[in-house]
Amino acid sequence: NLVTDGLPALALGVDPVDPDIMERPPRDPKEPVVTGARGWLIGIQGALVAACSLGAFLFVLLYEKETLIEARTAALATLACSQLFHAFNCRSMKESIFKLKFSTNPQLVGAVVLSFALQMAVIYVPFLQPVFKTQAMSLVDLGMIMVFSTLPLWIMEFVKALNRKFRFYELY
């Protein structure tokens, strides 16, 4: 958790502020930080990451008929990678990650790359495998992990696009 969340969270702290921040009305000081809409989005995003991790686990275990340790490794990698992709989604609750330039926060890109490398080390470095109870994954499994890991990102991009069009929630 420190590897997948810690560095990207620190890098998000130096993300540039939205250009329209001074045009927004002030937040009511009596309003909780986690409002109803924000709470629902947090819950939905967590459920998506959990469902994708479980999906990767079941895919490896039941469809590929591999061992339990391989299925657990796939679930761990999917969970970790989902959180890394989600860090880019957290840059804005309204703007698409494709509209925000990656070059405006090179620290986040570096943190994600470093965190991904550390996650891959847990899977592929032989002396770390028994410590973390992981097993090396095939390229096919890595591709499957990337597909499952990016699903929450794509779903949230879709939700943000719908919200920009129909204004289901206000998170400013």
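The values are calculated or read from the model by the stated rules, or taken from the named source; none is laboratory data. What you are looking at is a predicted structure, and each value in this text was computed from that prediction instead of being measured. Cβ coordinates were reconstructed from backbone atoms using ideal geometry, including for glycine residues, and neighbour counts include every protein chain displayed. The area values use the complete protein model at the heavy-atom level, side chains included, leaving out ligands, DNA and RNA. Shrake-Rupley method; radii C 1.70, N 1.55, O 1.52, S 1.80 Å.
The rows are residues; the columns are (1) touching a Cys at 6+ places or on another chain (Cβ under 9 Å); (2) hydroxyl-bearing (S, T, Y); (3) within 29 Å of V14 (Cα to Cα).
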{"position": "S82", "(1), (2), (3)": "yes, yes, yes"}
{"position": "C90", "(1), (2), (3)": "no, no, yes"}
{"position": "S96", "(1), (2), (3)": "no, yes, yes"}
{"position": "V113", "(1), (2), (3)": "no, no, yes"}
{"position": "F132", "(1), (2), (3)": "no, no, no"}
Among the residues of the range 104-119, are any open to solvent by 30 Å² or more (accessible area, probe 1.4 Å), free of Cβ contacts under 8 Å to residues at least 24 places away in the same chain and hydroxyl-bearing (S, T, Y)? no
Could you tell me which numbered condition I42 fails, if it satisfies all but one of (1) modelled with pLDDT under 95; (2) within 13 Å of the chain's Cα centre (by Cα); (3) among the aliphatic types (A, V, I, L, M); (4) surrounded by 14 or more Cβ atoms within 10 Å (Cβ to Cβ)? (4)
Look at the range 55-89 and say how many of its residues are in contact (Cβ under 8 Å) with a residue 24 or more places away in the chain and either outside any loop (DSSP other than H, G, I, E, B) or open to solvent by 60 Å² or more (accessible area, probe 1.4 Å) (or both). 24
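Can you find a residue in the range 159-169 that is modelled with pLDDT under 95, on the phi > 0 side of the Ramachandran plot and over 21 Å from the mean Cα position of the chain (by Cα)?
Residues of the range 159-169 modelled with pLDDT under 95: 159-169.
Within this subset, residues satisfying the condition of being on the phi > 0 side of the Ramachandran plot are 167.
Pick out the ones that are also over 21 Å from the mean Cα position of the chain (by Cα) and you get 167.
Within the range 159-169, one or more residues are modelled with pLDDT under 95, on the phi > 0 side of the Ramachandran plot and over 21 Å from the mean Cα position of the chain (by Cα).
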Quick one: A9 ticks every box in (1) touching a residue at least 40 places away in the same chain (Cβ under 8 Å); (2) exposed (fewer than 14 other Cβ atoms within 10 Å of the Cβ); (3) not basic (K, R) except a single one, so which number is it? (2)
T134 being among the hydroxyl-bearing types (S, T, Y), outside any helix (DSSP H, G or I), touching a residue at least 12 places away in the same chain (Cβ under 8 Å) and buried (at least 18 other Cβ atoms within 10 Å of the Cβ): yes
